[in-house]
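Everything below concerns the one structure shown next.
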Amino acid sequence: MTRTVFVNGEYLPETEAKVSIFDRGFLMADGVYEVTSVLGGKLIDFDGHAKRLERSLNELDMQKPAEFDDLLEIHRKLVELNGIEEGMIYLQITRGAPDDRDFVFPDPETTRPTLVLFTQNKPGLAANPVAERGIKVISVEDIRWGRRDIKTVQLLYPSMGKMMAKKAGCDDAWMVEDGYVTEGTSNNAYIVKDGKIITRGLSNDILHGITRAAVLRFAQEAQMEVVERAYTIEEAQAADEAFVTSASTFVMPVVEIDGAAVGGGQVGPVAKRLREIYLEESLKTAI
Ligand code: PMP
């Protein structure tokens, strides 16, 4: 089926949607993005994603191409036009397409930001069988830039990390800086030890995951103890459980790190419970 996508104010078949070769997203990775999940035809935590998007734009001094309400309306319309029950909406904003390539930012009065949205249909997203068996990760050095809190489209290194994992027969990579885990290639990383949920604190070193915020809130509401601190790969390997969170995988158990089984290589009770709570609670506020 041909998707209907959104490009700069127009809903178009994906085959007719076009962006300039001078677009700064294409030439300079000068763009930000968000991925919002759809469950039961509704948007999960749209508010959180819209707020982080606004922050990313502000941090990069980039114009906002549309108001919150307009963005919500576009998301909803794409869900409807493409008949999405379970899946994702990808949104990207770039600094636009000036009439030539230049390192200097274009004048925002004459160069408007580019706004693109498209849907990804993923039936079975919530009932993902991978969550039953968990994933295997390898560790790789974190050589990304210093503003990982901004959700930019500079995804080459995370993409390379995923390929290194694949080559090693694993599913994903955890990145390590100065001996401590920062995050997964496209998710936040956690361990569980003696009932405590341990995850790196927020800073410019990691993306401030929207799913992370929700999961930590739900964990605390369920009287689980949360500790925000950095940890090493060795500590993670010796933990009772490990897991990752992201908008499209929710809570995903990790059962192996660099070849060492975590929690006997089985999905643990905390990750399992948090996945259930997250799906249940976030559906209640889906819009
Ligand atoms: N860290 C990184 C590097 C990511 O790319 C993502 C997903 N985009 C996350 C964490 C998780 O963020 P969220 O829960 O908002 O999807």
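The values are calculated or read from the model by the stated rules, or taken from the named source; none is laboratory data. Computed from a predicted structure; not experimentally measured. Neighbour counts are summed over all protein chains in view; Cβ atoms, including those assigned to glycine, are modelled from backbone coordinates with ideal geometry. Note: accessible area is taken over every heavy atom of the protein model, side chains too, but ligands, DNA and RNA are not part of it. Shrake-Rupley method; radii C 1.70, N 1.55, O 1.52, S 1.80 Å.
Mind checking which residues of the range 62-82 are free of Cβ contacts under 8 Å to residues at least 12 places away in the same chain and either in a loop (DSSP other than H, G, I, E, B) or among the aromatic types (Phe, Trp, Tyr) (or both)? Once the filter is applied, which keeps residues that are free of Cβ contacts under 8 Å to residues at least 12 places away in the same chain and either in a loop (DSSP other than H, G, I, E, B) or among the aromatic types (Phe, Trp, Tyr) (or both), the range 62-82 yields only GLU67.
Just checking, does the range 227-234 include any residue being surrounded by fewer than 15 Cβ atoms within 10 Å (Cβ to Cβ), at pLDDT 95 or above and within 16 Å of the ligand (Cβ to nearest atom)? Yes: one or more hits. Go through the range 108-121 and report how many residues are β-branched (Val, Ile, Thr) and in a strand (DSSP E or B). Selection size over the range 108-121: 3. Mind checking which residues of the range 203-244 are aromatic (Phe, Trp, Tyr) and part of a loop (DSSP other than H, G, I, E, B)? Within the range 203-244, TYR231 is the sole residue that qualifies.
Residues in the range 248-271 that are more than 25 Å from LYS167 (Cα to Cα) and touching a strand residue (DSSP E or B) at 6+ places or on another chain (Cβ under 7 Å): GLY268, VAL270, ALA271.
So is ALA213 more than 14 Å from the ligand (Cβ to nearest atom) and touching a helix residue (DSSP H, G or I) at 6+ places or on another chain (Cβ under 9 Å) or not? So ALA213 does not fit the description; no. Of all residues in the range 108-151, those being farther than 20 Å from GLU177 by Cα and open to solvent by 90 Å² or more (accessible area, probe 1.4 Å) number 7. Yes or no: VAL192 open to solvent by less than 40 Å² (accessible area, probe 1.4 Å), of a type in the set (A, V, I, L, M) and under 29 Å from GLN120 (Cβ atoms)? Taking the combined requirement at face value, the residue does not satisfy it. Taken over the range 85-107, residues that are part of a strand (DSSP E or B) and open to solvent by 10 Å² or more (accessible area, probe 1.4 Å) amount to 3. Close contacts from the range 33-61, counting a first residue that is within 13 Å of the ligand (Cβ to nearest atom) and in a helix (DSSP H, G or I) and a second that is modelled with pLDDT of 95 or more and among the basic types (Lys, Arg), with Cβ to Cβ under 7 Å and a gap of 6+ residues or different chains, come to ARG52/LYS151; SER56/LYS151.
For the condition in contact (Cβ under 8 Å) with a residue 12 or more places away in the chain and either open to solvent by less than 70 Å² (accessible area, probe 1.4 Å) or over 14 Å from ILE138 (Cα atoms) (or both), GLU183 qualifies. Number of residues in the range 10-31 that are open to solvent by less than 70 Å² (accessible area, probe 1.4 Å), assigned to a loop (DSSP other than H, G, I, E, B) and free of Cβ contacts under 8 Å to residues at least 40 places away in the same chain: the value is 0.
Among the residues of the range 166-188, the ones that are away from the ligand (no atom under 14 Å from the Cβ) and outside any loop (DSSP other than H, G, I, E, B) come to 3 in all. If you go through the range 148-161 and keep only what is within 12 Å of the ligand (Cβ to nearest atom) and over 14 Å from the mean Cα position of the chain (by Cα), you end up with TYR157, GLY161. Could you please find all residues in the range 164-178 being in contact (Cβ under 8 Å) with a residue 60 or more places away in the chain and surrounded by 20 or more Cβ atoms within 10 Å (Cβ to Cβ)? The answer is ASP172, TRP174. Of the residues making up the range 32-54, just one is among the hydroxyl-bearing types (Ser, Thr, Tyr) and either farther than 21 Å from VAL153 by Cα or open to solvent by 10 Å² or more (accessible area, probe 1.4 Å) (or both), namely TYR33.
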